[in-house]
Amino acid sequence: MSDQRPIPTAAGRAASDERIETPATHEVATWQHRYGDALLGVFGTPKTVLVRGEGVYVWDADGTRYLDLLAGIAVNALGHAHPTLTGAIGAQLATLGHVSNFFATPTQVALAERLLTRTGAPEGSRVFFTNSGTEANEAAFKIARRNRGEDGRRTRIIALEGSFHGRTMGALALTSKAAYREPFEPLPGGVEFVPAGDLAALEAAFAADGEGGPDASTVAAVFLELVQGEGGVLPLPEGYLARARELTSAHGALLIVDEVQTGMGRTGHWLALQDPALGGGVVPDVVTLAKGLGGGFPIGAVVTYGERGSHLLSPGQHGTTFGGNPVAAAAALATIGVIERDDLLASVTAVGEHIRSQVRGMAGEGPLVTGVRGAGLLIGVQLAADVAAQVTDLAQRDGFIVNAVSPSVVRLAPPLVITREQVQPFLDWLRDLNADPASRGVRLPTADDLPTDDLPTYEEPR
Ligand code: PLP
């Protein structure tokens, strides 16, 4: 039987705050062991066990402090334990914690209204609340299924290679990676994948409709991310979205944009769609949101744009117990309120550009870093070889939480409240590592090396 010591309490904090950079004691190791004995092993061994957070920092059970440059994978928009957020959650919970969807709450309605204005949704648009990103995409999938056309022939959904839309069966059917899909087949049918960014392939998917006008179309929806987050922080090329809009409009298909990772300020705009370089003024039919929306409190949302997408689901065709929960809605309203009050969209743009320009400058200064991409505070650092997992482990050892999103890409998705000064120690660290990776054991392959099969595998996205 594993150690049954109690979870460290707030009373123990002061003492643990004093401890910095202790070598691994049995505290983290014990919790990791107990985790392994109690939790389903789908995530592997946790990298450490975190006990508290404040602003852009978190502490583990050994008392080690980390600069959190991942924010729960693009979730903790306001950092940790933000007083406005905790205050709003506490106040709502103390007033009214949950009601069934037979009833409504002012908090839920206010959040829906706020989302409609911030996302620039036109008259007639609507919101459906969920608890997570995958559930938002399930709802969007069902909306697409209802876009059958008069003769019921619209059953195909076009998704992109490299996509990640979630782990439940419908969202998984829209996710391209074979290793995620194959163990769970058969998945909901009708989904076809085309190479991301390849306009000719997208056009060919519509051409497969055969002759005839728009009414002959068999495509119900195109589903895409503007920056493929889990795919390696890969933005779609300019012009792709606009052409996808033209094709979907011409053929009666829906354009569904998954902004679960990119939405709610992450790119320096409420939606990546509002970034001229990414969205180019395109108006979609459906947008899905989650992650940063509640600042760390679980909530997702589907925004249907205009009358068309808003009336495909009729009463009784979809629902959820927790969707629209007033505490979650209060968390999202508080998060949006702080983003507005503290002008965080401008800060995200400025700090993101600072990080990218510094990392860009490192490419060429040393052998490790070769480039940078992304938007706002969703950033991919491209490495020269498949060593992202090793770099991530070294970063953690030195007090920085980042993520190996693909074998050769390190992802940064810090809290939106992070400042240049706070991120600078990491940039200095990366510059040092880049100058001499071999001194930290990061071995980059040379022309004489064999293929990289024996290099560490990257972390699985959640
Ligand atoms: N869509 C995108 C673009 C995502 O990045 C993710 C999660 O990483 C999801 C959907 C799934 O969201 P969740 O993990 O909240 O179900």
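Things worth noting here:
- Legend: P(r) of the stretch 312-402 from all alpha carbon pair distances, 10 Å bins from 0, whole percents, reading 14, 26, 24, 22, 13, 3.
- Cα-based shape type of the stretch 229-281, given that a ≥ b ≥ c are square roots of the gyration tensor eigenvalues and the cut on a/c is 1.5: prolate
- Sorting the segments 130-137, 229-236, 437-444 by their residues' average number of neighbouring beta-carbon atoms within 10 angstrom, most packed first, yields 130-137, 229-236, 437-444.
- Cα gyration tensor shape of the stretch 79-132, rounded if a/c is under 1.5, else prolate or oblate by comparing a/b with b/c: oblate
- Gain upon complete extension [R308, W429; 0.36 nm per residue less C-alpha separation]: 38.5 nm
- Helix axis angle, 26-38 relative to the chain longest principal axis, alpha carbon, degrees: 40 degrees
- Charge dipole of the chain about the Cα centre (unit charges at C-beta), most positive-ward option of G366, A242, V56: V56
- Radius 11 Å from Cβ of V286, net charge of other residues (Lys, Arg +1; Asp, Glu -1): 0
- DSSP-defined antiparallel bridges as percent of all bridges, the stretch 86-341, nearest 5: 40 percent
- Seen against the Cα atoms of the chain and their longest principal axis, helix 240-251 is set at about 30 degrees.
- Förster radius 56 Å - calculated FRET efficiency between E421 and E150 (Cβ-Cβ, nearest 0.05): 0.40
- In the stretch 311-462, the C-alpha radius of gyration followed by the widest Cα-Cα span (Dmax) gives 19.8, 64 angstrom.
- Evaluating 6.51 cos²θ - 1.76 cosθ + 1.60 at θ = phi - 60° for every residue in the stretch 393-402, the Karplus couplings come out as 5, 5, 4, 5, 4, 9, x, 10, 9, 9 Hz, glycine and proline recorded as x.
- Taking all C-alpha pairs of the stretch 86-341, those more than 35 Å from each other amount to 12 percent.
- Isotropically averaged projected area of the stretch 49-150, using the convex hull of Cα atoms (one quarter of hull area), nm²: 9.9 nm²
- Reported to the nearest whole Å, the Cα centre-to-centre distance from the stretch 391-429 to the stretch 37-101 is 18.
- Centroid-to-centroid, using Cα positions, the stretch 292-336 and the stretch 222-281 are 20 Å apart.
- Comparing L312, Q382, V442 along the charge dipole axis of the chain, the residue lying farthest to the positive side is L312, per the Cβ-charge model.
- Whole-number percent relative contact order across the chain, with pairs defined as alpha carbons under 8 Å at least 6 apart: 18 percent
- Against the chain, whose longest principal axis is taken from its Cα atoms, helix 326-341 shows a tilt of about 80°.
- The Stokes-Einstein estimate for the chain, based on a Kirkwood radius over Cα pairs and taken at 20 °C with 1.002 mPa s viscosity, is a diffusion coefficient of 92 µm²/s.
- For the chain, DSSP calls about 65 percent of its internal beta bridges antiparallel.
Readers should treat all values here as calculations from the given coordinates under stated rules, not as data from a laboratory. As the structure is a prediction and not an experimental result, all values here were calculated from the model. Here Cβ is always computed from backbone atoms with ideal geometry, including for glycine, and neighbour counts include all displayed protein chains.
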